[in-house]
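These notes concern the structure reproduced below.
The values are calculated or read from the model by the stated rules, or taken from the named source; none is laboratory data. Note that the structure is predicted; figures quoted are calculated from it, not measured. Neighbour counts run over all protein chains shown; Cβ positions are idealised from the backbone, glycine included.
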Amino acid sequence: MFNPKKILVPVNGGPQDATVVALASQLAKRSKGQVYAIYVIEVRRTLPLDADLPSERQEADVVLDGVEHAAEEWDQEVETEILQARDVGTAIVEEAVEANVDLILLGISYRRKFGEFDLGRTVPYVLKNAPCEVWVCREQIGDRSGR
């Protein structure tokens, strides 16, 4: 049985954040591991990478506070961090390498693009480049109109 000791949970304020945090908390509790949640602020190329982005940081703080509360429900502490990067997928993979995580737990929304389910850019990049296991948790399909 897979018992990850360090689980990276990238969050973005989406509907799957609570689900992946709960799953990560349960896994970490069982394996006596650690949950590490990150919020990546994507910085436009017209700005310096270390630009002061107060409204984005405020949003990140709110999301990460929610992550901490979700983890508390499972009696699990979670380490949180806000990162600024040009590309979210690259930041997730680099953080996974740097933090030496065993598992990345990604939550994604059900999105349609041109009538087909679309993973976006981040998930395929992480799946292709992550040095560890990657689990993807997609929200259920509400109405099939592609919300």
Residue check, D65 among the charged types (D, E, K, R), modelled with pLDDT under 95 and surrounded by fewer than 16 Cβ atoms within 10 Å (Cβ to Cβ):
no
Could you figure out which of (1) surrounded by fewer than 15 Cβ atoms within 10 Å (Cβ to Cβ); (2) at pLDDT below 95; (3) of a type in the set (K, R) isn't true of R138?
(1)
Please determine whether any residue of segment 3-23 is more than 22 Å from E139 (Cβ to Cβ) and surrounded by fewer than 13 Cβ atoms within 10 Å (Cβ to Cβ).
yes
Selected residue (criterion: farthest from I82 (Cα to Cα)) from residues of segment 1-60 that are polar (S, T, N, Q) and within 10 Å of the chain's Cα centre (by Cα)
Q16
Within segment 98-109, count every residue that is of a type in the set (D, E, K, R) and either assigned to a loop (DSSP other than H, G, I, E, B) or surrounded by 14 or more Cβ atoms within 10 Å (Cβ to Cβ) (or both).
1
Within the set of pairs 6 or more residues apart or between chains, which connect a residue that is polar (S, T, N, Q) inside segment 97-111 to a residue that is in a strand (DSSP E or B) and surrounded by 14 or more Cβ atoms within 10 Å (Cβ to Cβ) with Cβ atoms less than 7 Å apart?
N100/K6
Tell me the residue from V78, V67 that is among the β-branched types (V, I, T), in contact with a strand residue (DSSP E or B) (Cβ under 7 Å, 6 or more places away or on another chain) and over 25 Å from G120 (Cα atoms), please.
V78
Expected single match for in a strand (DSSP E or B) and either in contact with a Cys (Cβ under 9 Å, 6 or more places away or on another chain) or aliphatic (A, V, I, L, M) (or both) among V21, V67, V9 is V9
Could you identify the single residue in R112, R57, R44 that is among the basic types (K, R) and surrounded by fewer than 12 Cβ atoms within 10 Å (Cβ to Cβ)?
R44
Suppose the filter is surrounded by fewer than 16 Cβ atoms within 10 Å (Cβ to Cβ) and part of a helix (DSSP H, G or I); does E94 pass it?
yes
